[in-house]
Structures are given as C-alpha cells and as structure tokens.
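Peer 1: Below: one structure in structure tokens.
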Amino acid sequence: MLREGGHSNQSDVGEQKMAAPEATQREADSGLELRDAPAVAVTVAPAPPVASVPGGASSVSVVFPGFVTREGCFRFTSEFMKHVLYQRQQLPLPYEQLACFSRRQFPKSPDVVKKINPKDQESNNKRCQQVLSELEGMFQHLENMFSLTLVPRVLILLGGTAVSPKELYEINLQGISMSSADESLQTGACIRKLFRSLFLADVFSELQAIPTMGVVVMVQGHRNCGVNWFRPKLNYKVPARGRKLTVSLSCSHSKNTVLSANQEMNFNLDDYIWFQAPVTVKGFRYS
C-alpha cells in the first residue's frame, strides 16, 4: 500500500484514505478494472440525476468501484477544469485542441475562423499563447500540490472575486480512497466515467452564455504541506452566493471490504486550509 508522504507529521500513515468507502455493485462499473487487468471497454451505469438545491446550486456524484492513485486525483481535477473553461466559453476550443492549434501559430479551420486580418491574427496568437502558458503553469503547480498533500476540495471560480464569484465549480475528493498504481483502477477509465456522468447529468446545457472573465483557483491542502506557489488563505470561506456546481468523487469496493484501523488515514479537516493560485487566468476568445 502507498504510504502518505506529503508532510513529516503524517509519515507514519499507511493507506491513504479520505472517507470510509461504501460498497457498490461491481456490475455497474464493470469497465473500471485494476491496472494489471487487460483493457476492456468502459460501461457505465446511468448517472444519478443532478441534485439541485435553492440558490442555483446543483451536484453530481460519481463513485469509482475501487482505489485510485494520487496522480489520478490530479488528473480528475485538471480535466474537469479544462472542461469547465470550455463549456463556459472561457476557451474557444477544448484545451488539448487549442494547444495543438497553437503550435501551428493559428487555426486554419473554417469552423474556427473564416476571415481574419493580420492584426487580429497577431492579437489572437498572443492572447492564445498567454492563456495556454498560464494554464500550463497552473496545472504544473497543481500537480505539485497533489504530490505534497491530500487535496479534499478544489474550487474553480469564474468572474467577480474569490469571495464573491459569479459561478463556482467544485470538485470534492473527500470520499476518495487512494492506493498504489497496481492496486488502483485505471485513471483513463475513471476519467471517462466522470465525463459520462457529467454528460448524462447535462449540467451545462441550460446555462446562459457569458463573457470572458477571470478564473481563480482555490485548493484545500494541509497547512504544513510546504507548497510555495499557492498562497495560504487562512480565513477563506467558500462563497454561498452565485451559481454553484459540485462534483463529488468517491470510492467503493466490490468485495465489500472495510479497511482496518491501521490503514485509515487520520484525516482532520482542521489541519487543512485554503490556498489560492497567485494567477488569475483571463478567458480568451478569437476576435
């Protein structure tokens, strides 16, 4: 089992665990297999309906039938962030496609741009390179954060300020159980389940178009994790206003096993604080 190693006062912890897993039917997630199993097609049970609460808030729950890796948790977060930025019109193309076109200086596809003068093209290239550079740096530092500490929650805030955003997207990892790669589910299969669940829940279709806005990222981590890039915000409170979507990820175990006491992590949220990314990413559209 993978041992916790983010900070010295938790070095004796064995199995990484954020919340006790609940049993689930193996048939519902038969496509999610351990890494040493042969690759198979992913089959996903219908996603649960979106749970809505007053104030424009909704939530989607995704349950993985087994352990996941620390790296997998970072991938879930970064891929969800890319998806939010594209769905909420802060990127003109999906992140990977935009990055690919960027390496060719500017997309020639008629679906993206039909006619453009040289000045606009130069401006588009410059802004595209800037936002991609900012996001690439964000993901690198976010990955480092996941390597230093368990990350219970991540917030993606659009518009307004960190304390009063127009829209808030949260990925909640408190129900995740982590283990070593050979004992965990394939990360790619878990990502496919996450996005199928979002697609079936149809969480973005009814939202109105919005202008490009600033994007702020808040990450919850251990107060002594040693991260340098993210800035600690000791008194930060999650905003209660604005449109909010929470995606809750958790793990269950097909064999109905319960982790022994020495495998559980002593997870005390009082030791975890919010950290803010020092960069506000500005949304980008082609002129």
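Peer 1: Here's a check for you: in region 90-100, which residue that is part of a helix (DSSP H, G or I) and in contact with a helix residue (DSSP H, G or I) (Cβ under 8 Å, 6 or more places away or on another chain) is nearest to residue 168 (Cα to Cα)?
Peer 2: 95
Peer 1: Determine whether region 77-87 contains at least one residue that is without any contact (Cβ under 8 Å) to a residue 12 or more places away in the chain and assigned to a helix (DSSP H, G or I).
Peer 2: Yes, some residue in region 77-87 is without any contact (Cβ under 8 Å) to a residue 12 or more places away in the chain and assigned to a helix (DSSP H, G or I).
Peer 1: List pairs: first in region 266-287 and surrounded by fewer than 16 Cβ atoms within 10 Å (Cβ to Cβ), second modelled with pLDDT under 85 and of a type in the set (Asp, Glu), Cβ under 9 Å, 6+ apart or cross-chain?
Peer 2: 287/120
Peer 1: Picking from 182, 202, which residue would you name as being acidic (Asp, Glu), within 25 Å of residue 58 (Cβ to Cβ) and either touching a Cys at 6+ places or on another chain (Cβ under 8 Å) or surrounded by fewer than 19 Cβ atoms within 10 Å (Cβ to Cβ) (or both)?
Peer 2: Every option except 202 fails the conditions.
The values are calculated or read from the model by the stated rules, or taken from the named source; none is laboratory data. Predicted model, so just to flag it, every value in this text is computed and none were measured. We place every Cβ from the backbone using ideal geometry, glycine too, and count neighbours over all the protein chains shown.
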